[in-house]
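First the structure, in the form of structure tokens, and then the observations on it.
The values are calculated or read from the model by the stated rules, or taken from the named source; none is laboratory data. Small disclaimer: the values here were computed from a predicted structure and weren't measured. So basically every Cβ, Gly included, is an ideal-geometry build from the backbone, and we count neighbours across all protein chains shown. Quick note on the areas: whole protein, heavy atoms, side chains included, nothing else; ligands and nucleic acids left out. Shrake-Rupley method; radii C 1.70, N 1.55, O 1.52, S 1.80 Å.
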Amino acid sequence: MQYRKLGRTGMLVSEISLGCEHLQGKDYALVKSVIDAALDAGINFLDVFMSEPNVRTNIGRALEGRREKVIIQGHIGSCWVDGQYKVSRDIGECVTYFEDLLERLQTDYIDVGMLHFVDRETDWDTLAQSEMMQYALSLKEKGVIRSIGMSSHNPVTAKKAVESGCIDVLMFSLNPAYDLVPKDRDMTEIFTEVVTGKKQNFSGLTLEPARAALYRACEEHGVAITVMKALAMGTLLSEERSPLGVAMTEAQCISYALSRPAVAAVMVGMQRISDVESAVAYEEMPAEDRDHSTVLASLGMFNADGRCMYCNHCLPCPAKIDIAAVNKYLDLVELDGRPADSVKQHYTSMDSTAGDCLQCGACEERCPFGVEVIRRMERAAETFGK
């Protein structure tokens, strides 16, 4: 298992992690078997957003005696009211059900306290000044949570939160289909069209600008992304159901998510031991078996303007340049309009920079997206002074 920094939190998390949603409704024996298998495979990061009491209790029992071995994302605002899941902003409900989470998980702290389901474009403006935010800050001050996170499906809202400096971790829905859909298209509508036989044409599309800007903002501010919906609820694994019109493998979907800027972990939903085994098999696969770029490039995606997708398929570089990182920093300046001086410190801390480019061209031959790497290295050297 490979481990990644969880942004600026100082924590190290398994890049393949356990989304516990599908454990709801399962008996204790099954829940424990899945958690045992996950921990045995090196998974140390769990997302527990569910408010249903039994699943919380079962997870707590399964972790008994080894709480210190795992890092937990627990959600503030995910409540269980009148026997149903409810997204709440009522401070009384938020407090009651966060304390319930602590009690049922048999712990006195949560590693990442997630502000739950912040989706509308006006949500962050309201939440930032709310009692819920004050509660989260008080929990962090007391050490009841180690860091503050937020879950969202909306890139505009999420970017506001990231740039506010208030959150350390963003749980975000991320996969190639979501990344391609223009902002004015409804994803639910697209999936309905696919199921009814209407083909989608994503050929020539590049990364949706709001999502691209969000990923770069997370990278710049040190906010880690934990990925949900990496498989788009399994639809990307089916040629008939996928908007892409081609079946990807689970490993290719995981590879895509892990190649995005700032991503620390992919939360894979697991409800049986075989799900754990399937997900962690990614770590032992040959690179060609998990490579997502050949699938997407063959469909004409992402390469309309030769935009770098930060996948690092251009490596190895004889000058040992992290080409994807250079391109991320250059994009912050050229696409987001950041002052070069605000990015330069990150750039110059690299062991090798664009000025070390040998212009051998091997990277351009390997790049599946037609990026003019040499020219971009020249621009980066000009922009950052070396």
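See the values below:
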quantity: Qualifying residue in segment 320-334 (condition: in a loop (DSSP other than H, G, I, E, B) and at pLDDT 90 or above); calculated: yes
quantity: Some residue of segment 207-219 being modelled with pLDDT under 90, open to solvent by 40 Å² or more (accessible area, probe 1.4 Å) and among the charged types (D, E, K, R); calculated: no
quantity: Segment 58-89, subset over 21 Å from Ile16 (Cα atoms) and β-branched (Val, Ile, Thr), residue least open to solvent (accessible area, probe 1.4 Å); calculated: Ile76
quantity: Of residues in segment 220-244 being farther than 22 Å from Ala297 by Cβ and outside any loop (DSSP other than H, G, I, E, B), the one most open to solvent (accessible area, probe 1.4 Å); calculated: His221
quantity: Cβ pairs under 7 Å, 6+ apart, first in segment 35-47 and free of Cβ contacts under 8 Å to residues at least 24 places away in the same chain, second open to solvent by 10 Å² or more (accessible area, probe 1.4 Å); calculated: none
quantity: Output for segment 245-266, where each listed residue is touching a residue at least 40 places away in the same chain (Cβ under 8 Å), small (Gly, Ala, Ser) and closer than 15 Å to Leu296 by Cβ; calculated: Gly245, Ala257, Ser259
quantity: Filter result (of a type in the set (Lys, Arg) and at pLDDT 95 or above) within segment 99-141; calculated: Arg104, Lys140
quantity: Among the candidates Ser298, Ser293, residue that is small (Gly, Ala, Ser), crowded, with 19+ Cβ neighbours inside 10 Å and at pLDDT below 85; calculated: Ser293
quantity: Failed item in (1) closer than 21 Å to Lys159 by Cα; (2) open to solvent by 20 Å² or more (accessible area, probe 1.4 Å), with Met285 passing the rest; calculated: (1)
quantity: Hey, Ala279 at pLDDT 95 or above and crowded, with 16+ Cβ neighbours inside 10 Å or not; calculated: yes
quantity: Verdict on Tyr256 being under 22 Å from the mean Cα position of the chain (by Cα), under 24 Å from Val13 (Cα atoms), at pLDDT below 90 and among the hydroxyl-bearing types (Ser, Thr, Tyr); calculated: no
quantity: Filter pass, Ser173 being at pLDDT 85 or above, within 18 Å of Gln73 (Cα to Cα) and touching a Lys or Arg at 6+ places or on another chain (Cβ under 6 Å); calculated: yes
quantity: Candidate set from segment 93-140 (those that are open to solvent by 10 Å² or more (accessible area, probe 1.4 Å) and of a type in the set (Val, Ile, Thr)); member that is nearest to the chain's Cα centre (by Cα); calculated: Thr122
quantity: In segment 308-355, the residues that are free of Cβ contacts under 8 Å to residues at least 60 places away in the same chain, touching a Lys or Arg at 6+ places or on another chain (Cβ under 8 Å) and charged (D, E, K, R); calculated: Glu334, Asp351
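Yes/no per residue for (1) among the small types (Gly, Ala, Ser); (2) more than 27 Å from Ala41 (Cβ to Cβ); (3) assigned to a helix (DSSP H, G or I):
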site: Ala247; (1), (2), (3): yes, no, no
site: Val268; (1), (2), (3): no, no, no
site: Gln271; (1), (2), (3): no, no, no
site: Ser278; (1), (2), (3): yes, no, yes
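Yes or no, residue by residue, for (1) out of contact with any strand residue (DSSP E or B) (no Cβ under 9 Å at 6 or more places or on another chain); (2) under 23 Å from Val263 (Cβ atoms); (3) open to solvent by less than 60 Å² (accessible area, probe 1.4 Å):
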residue: Arg4; (1), (2), (3): no, yes, no
residue: Gly10; (1), (2), (3): no, yes, no
residue: Ser14; (1), (2), (3): no, yes, yes
residue: Ser17; (1), (2), (3): no, yes, yes
residue: Cys20; (1), (2), (3): no, yes, yes
residue: Asp27; (1), (2), (3): yes, no, no
residue: Lys32; (1), (2), (3): yes, no, no
residue: Ile43; (1), (2), (3): no, yes, yes
